[in-house]
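A short worksheet on the structure shown next.
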There are 2 protein chains.
Amino acid sequence: MNLRPVVLKLGGSVITEKAKPLTPNLKAVKRLAEEISDAKVTPLIVVHGGGSFGHPVASMYKIAKGFTNKGQLVGFSKTHEAMVSLNKIVVQSLLDKGLPAFGMPPSSFVITKKGRIHFFQEETLKQAVETGLIPVLYGDAVLDVDTGFAILSGDQISAFLAVRMKAERLVMGVDVDGVYTADPKTDPSARLKRHLTLAELRKMKGQVGGATVTDVTGGMLGKMSELITPVAQGVNALIVNALKPGNICKALRGEEVIGTRIER
Amino acid sequence: MNLRPVVLKLGGSVITEKAKPLTPNLKAVKRLAEEISDAKVTPLIVVHGGGSFGHPVASMYKIAKGFTNKGQLVGFSKTHEAMVSLNKIVVQSLLDKGLPAFGMPPSSFVITKKGRIHFFQEETLKQAVETGLIPVLYGDAVLDVDTGFAILSGDQISAFLAVRMKAERLVMGVDVDGVYTADPKTDPSARLKRHLTLAELRKMKGQVGGATVTDVTGGMLGKMSELITPVAQGVNALIVNALKPGNICKALRGEEVIGTRIER
């Protein structure tokens, strides 16, 4: 068996209704489960974002700012529990298609340091993949050795896993067609970049440093920045619109699809 | 801060309606959350059993027998998901009392070997305790290096944690008053044993070896057998009826309570 997995990230804005707290986009989740089933890619690791589940609670208790007072502890747990609820919906949809999806909360086996992955216990994840399960991880409230706790994004997890598990491919499903030359939501002259090189990716990351920089990629600078390490290590990454039917199935199979391909 | 935790095991027959699939005993769960809150014991680690959540699914897919066919993979996941649902109920009840309960699924950080704990990643658990959270673990379907997967009981986890975390006290909440001289459910002459020594515990374990042995403790031989290692290492264990109001609060505080005390 080929044990180089495909890593699939499903954005929070794809699987939830971002404007409505604690509301999944059930139609999208069910369709995506069907596409994943149709793609028949194995081994596969799925990571999903928080969308309207994790973010409102995390924000209310200022979890991303780290531990400042004991009252936040309950908020930490509530943020995690909101994500458990979303994960159950994703896992159940995959199970409904006969796929052996297996929910794995990062907070149980990852510790960050100033928000970056510091400790990642991979034994159970690897064992799950070898057993034939499809691990389903997610952005989560996690413990942090420096700041007490932190928010670990699904993007960071996906990029980390792609490197650590030597992924054959990293597919990032988002709610736009890919990376643009300008923000497509505000600038009609914006054009989709079909290919990005590592050098271009690094140049974009340079922009993140600036204090008042405008995110010309349409909110994707953070994602771009996470992709540098896996792409530098030879993982092919693809950013694709997961809200458009058929895209994720094609992307998982490595077939041609509209999106932004990022290669070393 | 004293970092020797109290470990509290809540039996599946206490927190669920054992005869009704997927039915929590909400009244008991809520009362227990209140008792845990009143006890003000810190640090605390809670472990709960599966009762009518985990057992029916695990049994349907023969998860305890290990991996024999791919169809079981979905059953493995469903068993785990049933336990996630029960864990959410327990965690939510504790959160409702203002306690920072933090659900941690053993399947994400424990691997067994022929059903016994073989690998246990404790970093996140320890970090959670140090941060001030109350980890809530549970009996779970877990990966097994020999048999593919296995059922890891809440009893085994509690006993393991009591040793590994150098617990100050191990409280086992069950649906009877403790260990009896005979099965109290069938034998009216059965008397409650208020104290058990390590030697007596070992003698009972000897009975487990026999092929046609009758479990004279009223179904508690397995539990007794798990308690040998922690008691041998100096952990004081107490078996107490968690269905009788007030018992768990007293037991957590180390106050006098009707039950079976097991000491080296």
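The values are calculated or read from the model by the stated rules, or taken from the named source; none is laboratory data. Because the structure is a prediction, the values reported are computed rather than measured. Don't worry about glycine lacking a Cβ; one is built from the backbone with ideal geometry, like all the others, and counts go over all protein chains shown. The area values use the complete protein model at the heavy-atom level, side chains included, leaving out ligands, DNA and RNA. Shrake-Rupley method; radii C 1.70, N 1.55, O 1.52, S 1.80 Å.
The residues of the stretch A:98-114 that are more than 7 Å from chain B (Cβ to nearest Cβ), under 19 Å from the mean Cα position of the chain (by Cα) and aliphatic (A, V, I, L, M) amount to a single one, A:VAL110. A residue that is crowded, with 22+ Cβ neighbours inside 10 Å, part of a helix (DSSP H, G or I) and hydrophobic (A, V, I, L, M, F, W, C) can be found somewhere in the stretch A:64-76.
The set of residues from the stretch B:187-204 being part of a strand (DSSP E or B) and open to solvent by less than 70 Å² (accessible area, probe 1.4 Å) comprises B:LEU192, B:LYS193, B:LEU196, B:THR197. For the stretch B:16-49, taking the residues that are modelled with pLDDT of 95 or more and closer than 19 Å to B:GLY222 by Cα, the one that is surrounded by the most Cβ atoms within 10 Å (Cβ to Cβ) is identified as B:HIS48. Of all residues in the stretch A:210-232, those satisfying the criterion of being modelled with pLDDT under 95 and open to solvent by 70 Å² or more (accessible area, probe 1.4 Å) are A:ALA211, A:THR212, A:THR214.
Table: residues versus (1) away from chain B (no Cβ under 11 Å); (2) farther than 17 Å from A:GLN156 by Cα.
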{"position": "A:GLY12", "(1), (2)": "yes, no"}
{"position": "A:THR16", "(1), (2)": "yes, yes"}
{"position": "A:ALA19", "(1), (2)": "yes, yes"}
{"position": "A:PRO24", "(1), (2)": "yes, yes"}
{"position": "A:ALA39", "(1), (2)": "yes, yes"}
{"position": "A:VAL47", "(1), (2)": "yes, no"}
{"position": "A:HIS55", "(1), (2)": "yes, no"}
{"position": "A:LEU73", "(1), (2)": "no, yes"}
{"position": "A:ASP96", "(1), (2)": "no, yes"}
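Take the conditions (1) within 14 Å of another protein chain (Cβ to nearest Cβ); (2) outside any loop (DSSP other than H, G, I, E, B); (3) in contact with a strand residue (DSSP E or B) (Cβ under 7 Å, 6 or more places away or on another chain); B:ILE151 misses just one of them, which is (1). Within the stretch B:133-148, take every residue that is touching a Leu at 6+ places or on another chain (Cβ under 9 Å) and without any contact (Cβ under 8 Å) to a residue 60 or more places away in the chain and give me the one that is farthest from the other protein chains (Cβ to nearest Cβ). Once the filter is applied, the top-ranked residue is B:VAL142. Residues that are more than 10 Å from every other protein chain (Cβ to nearest Cβ) and either open to solvent by 10 Å² or more (accessible area, probe 1.4 Å) or more than 20 Å from B:VAL7 (Cβ to Cβ) (or both) within the stretch B:77-89 comprise B:THR79, B:ALA82, B:ILE89, listed in sequence order. Is it fair to say B:LYS40 is over 27 Å from B:LEU125 (Cα atoms) and of a type in the set (Lys, Arg)? Against the criterion (over 27 Å from B:LEU125 (Cα atoms) and of a type in the set (Lys, Arg)), B:LYS40 does not qualify.
Scanning the stretch A:1-15 for residues that are over 17 Å from A:VAL174 (Cβ atoms) and open to solvent by 10 Å² or more (accessible area, probe 1.4 Å) yields A:MET1, A:ASN2, A:LEU3, A:ARG4. For the stretch B:25-57, the set of residues classified as assigned to a loop (DSSP other than H, G, I, E, B) and of a type in the set (Lys, Arg) consists of B:LYS40 only.
Scanning the stretch A:109-132 for residues that are in contact with a Pro (Cβ under 6 Å, 6 or more places away or on another chain) and free of Cβ contacts under 8 Å to residues at least 40 places away in the same chain turns up just one, A:ALA128. Do we find that B:ALA33 is aliphatic (A, V, I, L, M) and over 30 Å from B:LYS114 (Cα atoms) in this structure? Answer is yes for this residue. Beta carbons closer than 9 Å, at least 6 apart along the sequence or on distinct chains, pair a first residue in the stretch B:156-177 that is among the aromatic types (Phe, Trp, Tyr) with a second that is not in a helix (DSSP H, G or I) for B:PHE160/B:VAL110; B:PHE160/B:ILE117; B:PHE160/B:PHE120.
Every test in (1) open to solvent by less than 20 Å² (accessible area, probe 1.4 Å); (2) of a type outside the set (Lys, Arg); (3) in contact with a helix residue (DSSP H, G or I) (Cβ under 7 Å, 6 or more places away or on another chain); (4) in a helix (DSSP H, G or I) is passed by B:ILE111 save one, and that test is (4).
Of the candidates B:ALA82, B:ALA64, the single residue that is modelled with pLDDT under 95 and within 28 Å of A:THR131 (Cβ to Cβ) is B:ALA64.
With the condition kept exactly as written, say whether any residue in the stretch A:94-102 is open to solvent by 60 Å² or more (accessible area, probe 1.4 Å) and closer than 26 Å to A:GLY222 by Cα. Checked against the condition, which is being open to solvent by 60 Å² or more (accessible area, probe 1.4 Å) and closer than 26 Å to A:GLY222 by Cα, the stretch A:94-102 yields no hits at all. For the subset of the stretch B:115-128 comprising residues that are within 19 Å of the chain's Cα centre (by Cα) and open to solvent by less than 10 Å² (accessible area, probe 1.4 Å), which member is farthest from the other protein chains (Cβ to nearest Cβ)? Applying the filter and picking the extreme gives B:LEU125.
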